[in-house]
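Trainee: Have a look at the structure that comes next, please.
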Amino acid sequence: QVQLVESGGGLVQPGGSLRLSCAASGSISSIDVMGWYRQVPGKQRELVATITRGDNINYVDSVKGRFTISRDNAKNTVYLQMNSLKPEDTAVYYCNARKSIFGYWGKGTLVTVSS
């Protein structure tokens with residue numbers, strides 16, 4: 001069982017930055033893939049970025065060049081640095097962990113990009 005707790009969301013103006021954190025209850029070094037997803041009310045949850053145990057990274061096209069996913073195994077934490085934020089980035093951001101056939105979700109943190 002893996003428990004995930006997201007933090008770092010909030011209100012930011014367009015062009016601003018936020019850093020989301022996802023703290024895991026145990027060691028993340030044994031987790032196969034960790035990722036960030038986001039969801040807007042009425043829409044499907046979409047993948048934002050993933051990082052594998054071998055540090056292979058993928059981003060959805062809409063955030064490439066603006067968002068950076070990283071992990072700190074010593075702190076059992078995954079981060080999402082979000083720069084040049086746009087109003088369309090507004091969503092609830094969820095942390096996800098995949099270990100073998102099991103998937104785990106955090107409860108999410110709200111990011112609002114508005115002037």
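Trainee: Would you mind stating whether Val92 is β-branched (Val, Ile, Thr), at pLDDT 95 or above and surrounded by fewer than 16 Cβ atoms within 10 Å (Cβ to Cβ)?
Mentor: No; evaluated as a whole, the condition is false for this residue.
Trainee: Being among the basic types (Lys, Arg) and touching a Phe, Trp or Tyr at 6+ places or on another chain (Cβ under 7 Å) narrows it down to one of Arg45, Arg53, so name that one.
Mentor: Arg45
Trainee: Go through (1) within 11 Å of the chain's Cα centre (by Cα); (2) closer than 25 Å to Ser100 by Cβ and name the single condition Gly8 misses.
Mentor: So Gly8 meets the others, but not (2).
Trainee: Just to be sure before I move on: is Ser21 polar (S, T, N, Q) and open to solvent by 30 Å² or more (accessible area, probe 1.4 Å) in the structure I sent?
Mentor: no
Trainee: In the stretch 67-89, is there at least one residue being on the phi > 0 side of the Ramachandran plot, open to solvent by 70 Å² or more (accessible area, probe 1.4 Å) and at pLDDT below 95?
Mentor: Checking the stretch 67-89: not a single residue is on the phi > 0 side of the Ramachandran plot, open to solvent by 70 Å² or more (accessible area, probe 1.4 Å) and at pLDDT below 95.
The values are calculated or read from the model by the stated rules, or taken from the named source; none is laboratory data. Every value quoted in this text rests on a predicted model; they were computed, and no experiment measured them. Please note: Cβ atoms are built from the backbone with ideal geometry, for glycine as well, and neighbour counts cover all protein chains shown. When the accessible area is computed, the model is the full protein with side chains, heavy atoms only, and any ligands, DNA or RNA have been set aside. Shrake-Rupley method; radii C 1.70, N 1.55, O 1.52, S 1.80 Å.
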